[in-house]
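This report concerns only the one structure given below.
FYI, it's all coordinate maths here, none of it is from the lab. The shown structure was predicted, so the numbers you read here are calculated from the model rather than taken from an experiment. Please note: Cβ atoms are built from the backbone with ideal geometry, for glycine as well, and neighbour counts cover all protein chains shown.
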Amino acid sequence: MSRQASRLDAKKVNSEFLTLTYGALVTQMLRDFENAEDVNKQLERIGYNMGMRLIEDFLARTSAPRCLEMRETADRIQQAFRIYLNIQPTISNWSPASDEFSLVFDSNPLTEFVELPPDLTNLRYSAILSGCIRGALEMVQLEVQCWFVQDQLKGDNVTELRVKFVRRLEEVIPAGED
Amino acid sequence: MEKLEALKISSMRPRSNILDRPLSKGKTEVSQSIVALLFSEIVQYSQSRVFTVPELQTRLHDLGQDVGTRIIDLYFVRERSSKRETKLTQMLLFVKTTVWKNLFGKEAEKLEHANDDERTYYIIEKEPLVNTFISVPKDKGSLNCANFTAGIVEAVLTNCGFPCKVTAHWHKGTTYMVKFEDFVIARDKQMEEK
């Protein structure tokens, strides 16, 4: 058990380092592409790649069993946010069929010092998060859609990320290089 | 027409301006795994945009500068009640201790002055955070991703009025070579004489 505990409180880094490094990346991408839509796509992809590798870390740390329904998956995602970003999103707005839910964030370390200029309203600054969830779940044979409903950077009170179950992947195709 | 424009801007602005909010204490932490993965993606992304190792290092260096410029005010306001340093040694110590501690959770191991060149200083760090999980491929032996950190240091020093060039090298772990402009040294001497 003690081994478990020590594994859980893994090494920590000041969140500002993450905030600023991520900010530098986004600004660099905006310079590289000049088109917010392309930047969104790139950030999503980076998140997806991170998610694919992060899930392994998560499973090793938590030894979480396989989820049998989306409600369990939601709890796991919430737990992952606590472990990795030290924030606890609220799970809410379940669809009647229990296949779609929202993660609501009061705060988001990625956007700590961020203000979007008025001409970048179509930039999804935190797109890396949705990519991360998609990538991680795909590695455990769950295909989901993930998108932003509300965003504090755009003046909303909270940031809301919607996750929708699409299907269970039957055959696992090894992740290709793309 | 002008009125319409003004309306549009105000409706898009977030309700609370970033400068109206209190400055965070900067004590929140995130997992090292997520930082390492993000940095790895940053290196991969940067590599996809360039062809050679030096170009890649320059790109990482540029990203670091972006971070460096942003932490100056943050740390001086938070840790030094908004007072900037004017003396070279003090400034270098500020980088070695305050900057390192806040960004990486520990001080840099050593700060040394070159014997043969008074413009050159070395900051030595055994295990830079950014290199923790990076193994350099054989064909890219000279690549040191800590050039990202070098960029941070260069931006901090330069924008505080001590223009310099900072590069990262494999030596006793990672050594950051800080080379100041001539006038920085001359000015510092002048100040000491007074």
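Given the structure, is B:VAL99 of a type in the set (A, V, I, L, M), buried (at least 20 other Cβ atoms within 10 Å of the Cβ) and under 13 Å from the mean Cα position of the chain (by Cα)?
Details: of a type in the set (A, V, I, L, M): yes; buried (at least 20 other Cβ atoms within 10 Å of the Cβ): yes; under 13 Å from the mean Cα position of the chain (by Cα): yes.
Here the answer is yes, as B:VAL99 does meet what is asked.
For B:VAL67, the test of being surrounded by fewer than 19 Cβ atoms within 10 Å (Cβ to Cβ), among the aliphatic types (A, V, I, L, M) and in contact with a Ser or Thr (Cβ under 8 Å, 6 or more places away or on another chain) is failed.
Scanning the range A:23-35 for any residue that is within 14 Å of the chain's Cα centre (by Cα) and buried (at least 21 other Cβ atoms within 10 Å of the Cβ) turns up nothing. Going through (1) touching a residue at least 12 places away in the same chain (Cβ under 8 Å); (2) outside any helix (DSSP H, G or I); (3) among the small types (Gly, Ala, Ser); (4) under 18 Å from B:VAL35 (Cβ atoms) one by one, B:SER142 falls short only on (4). You will find that of A:GLU138, A:GLU143, the residue that is surrounded by 14 or more Cβ atoms within 10 Å (Cβ to Cβ), of a type in the set (Asp, Glu) and farther than 18 Å from A:LEU85 by Cα is A:GLU138 and no other.
Residues in the range A:101-126 that are within 13 Å of chain B (Cβ to nearest Cβ) and among the small types (Gly, Ala, Ser): A:SER107, A:SER126. Of all residues in the range A:8-20, those being more than 7 Å from chain B (Cβ to nearest Cβ) and of a type in the set (Val, Ile, Thr) number 1.
Just checking, does the range A:124-142 include any residue being touching a strand residue (DSSP E or B) at 6+ places or on another chain (Cβ under 8 Å), of a type outside the set (D, E, K, R) and assigned to a strand (DSSP E or B)? Yes: one or more hits.
Would you confirm whether or not the range B:120-131 contains a residue that is out of contact with any Phe, Trp or Tyr (no Cβ under 9 Å at 6 or more places or on another chain), in a loop (DSSP other than H, G, I, E, B) and free of Cβ contacts under 8 Å to residues at least 60 places away in the same chain? Don't jump to the end; show me each part of the working.
Initially, the range B:120-131 is screened for residues out of contact with any Phe, Trp or Tyr (no Cβ under 9 Å at 6 or more places or on another chain), giving B:126-127, B:131.
Filter once more, so that each one left must be in a loop (DSSP other than H, G, I, E, B): B:126-127.
Checking the rest, the ones that are also free of Cβ contacts under 8 Å to residues at least 60 places away in the same chain come to B:126-127.
Taking every residue of the range B:120-131 in turn, at least one turns out to be out of contact with any Phe, Trp or Tyr (no Cβ under 9 Å at 6 or more places or on another chain), in a loop (DSSP other than H, G, I, E, B) and free of Cβ contacts under 8 Å to residues at least 60 places away in the same chain.
Criterion first (in contact with a Lys or Arg (Cβ under 8 Å, 6 or more places away or on another chain) and under 14 Å from A:ALA74 (Cα atoms)) does A:GLN141 satisfy it? Answer is no for this residue.
For the range B:26-85, the set of residues classified as at the interface with chain A (Cβ under 8 Å from one of its Cβ atoms), in a helix (DSSP H, G or I) and of a type in the set (Val, Ile, Thr) consists of B:ILE34, B:VAL35, B:ILE42, B:VAL67, B:ILE71, listed by residue number.
Of all residues in the range A:21-53, exactly one satisfies the criterion of being aliphatic (A, V, I, L, M), within 11 Å of another protein chain (Cβ to nearest Cβ), farther than 18 Å from A:PRO109 by Cα and in contact (Cβ under 8 Å) with a residue 24 or more places away in the chain, namely A:MET52.
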